[in-house]
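S.K.: Have a look at the structure that comes next, please.
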């Protein structure tokens with residue numbers, strides 16, 4: 001496994017040492033799992049991924065898509081919306097994803113503040 005893909009495991013292990021934050025460790029561990037089971041680090045799918053991790057996956061994607069990276073410029077929110085829409089049921093939980101898309105204007109207005 002490449003180093004960058006180890007961050008969910010490291011984060012989960014760190015949270016697992018805390019009595020107050022231990023219950024969040026599975027959310028951190030699985031926030032890069034995909035709804036279709038093709039994610040990492042353990043290839044969980046669908047309802048086997050905690051709902052918190054399914055929500056964080058979309059939030060993380062919005063941030064990643066709309067942020068500048070060393071290898072590309074940030075994409076706009078229209079492009080981001082389309083990416084989420086076309087990956088419902090693949091990367092993203094379709095129910096969570098539809099809720100995000102149905103509330104897109106409100107979500108992006110908060111992000112733009």
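The values are calculated or read from the model by the stated rules, or taken from the named source; none is laboratory data. Treat the numbers as computed from the prediction; the structure is a model and nothing was measured. We place every Cβ from the backbone using ideal geometry, glycine too, and count neighbours over all the protein chains shown.
S.K.: Does residue 89 satisfy the condition of being more than 23 Å from residue 7 (Cα to Cα) and out of contact with any strand residue (DSSP E or B) (no Cβ under 7 Å at 6 or more places or on another chain)?
M.R.: When the stated conditions are applied, residue 89 passes them.
S.K.: Kindly indicate whether residue 96 is closer than 20 Å to residue 48 by Cα, in contact (Cβ under 8 Å) with a residue 40 or more places away in the chain and either outside any loop (DSSP other than H, G, I, E, B) or over 18 Å from the mean Cα position of the chain (by Cα) (or both).
M.R.: Yes.
S.K.: Same structure, new question: When you scan the range 49-72, do you find a residue that is farther than 19 Å from residue 4 by Cβ, modelled with pLDDT of 95 or more, over 13 Å from the mean Cα position of the chain (by Cα) and not in a loop (DSSP other than H, G, I, E, B), even just one?
M.R.: No, the range 49-72 contains no residue that is farther than 19 Å from residue 4 by Cβ, modelled with pLDDT of 95 or more, over 13 Å from the mean Cα position of the chain (by Cα) and not in a loop (DSSP other than H, G, I, E, B).
S.K.: For the range 75-86, which residues satisfy the criterion of being touching a helix residue (DSSP H, G or I) at 6+ places or on another chain (Cβ under 8 Å) and either surrounded by fewer than 14 Cβ atoms within 10 Å (Cβ to Cβ) or closer than 21 Å to residue 5 by Cβ (or both)?
M.R.: Within the range 75-86, 79, 83 meet the criteria.
S.K.: (1) surrounded by 17 or more Cβ atoms within 10 Å (Cβ to Cβ); (2) assigned to a helix (DSSP H, G or I); (3) touching a strand residue (DSSP E or B) at 6+ places or on another chain (Cβ under 9 Å): which one isn't true of residue 26, the others all being true?
M.R.: (3)
S.K.: May I ask you to say which residue of 8, 41, 50 is touching a residue at least 24 places away in the same chain (Cβ under 8 Å), touching a helix residue (DSSP H, G or I) at 6+ places or on another chain (Cβ under 8 Å), surrounded by 12 or more Cβ atoms within 10 Å (Cβ to Cβ) and over 28 Å from residue 103 (Cβ atoms)?
M.R.: Checking each option against the conditions leaves just 41.
S.K.: Let me ask another. Just to be sure before I move on: is residue 78 in a helix (DSSP H, G or I) and either at negative phi or out of contact with any strand residue (DSSP E or B) (no Cβ under 6 Å at 6 or more places or on another chain) (or both) in the structure I sent?
M.R.: It is true that residue 78 is in a helix (DSSP H, G or I) and either at negative phi or out of contact with any strand residue (DSSP E or B) (no Cβ under 6 Å at 6 or more places or on another chain) (or both).
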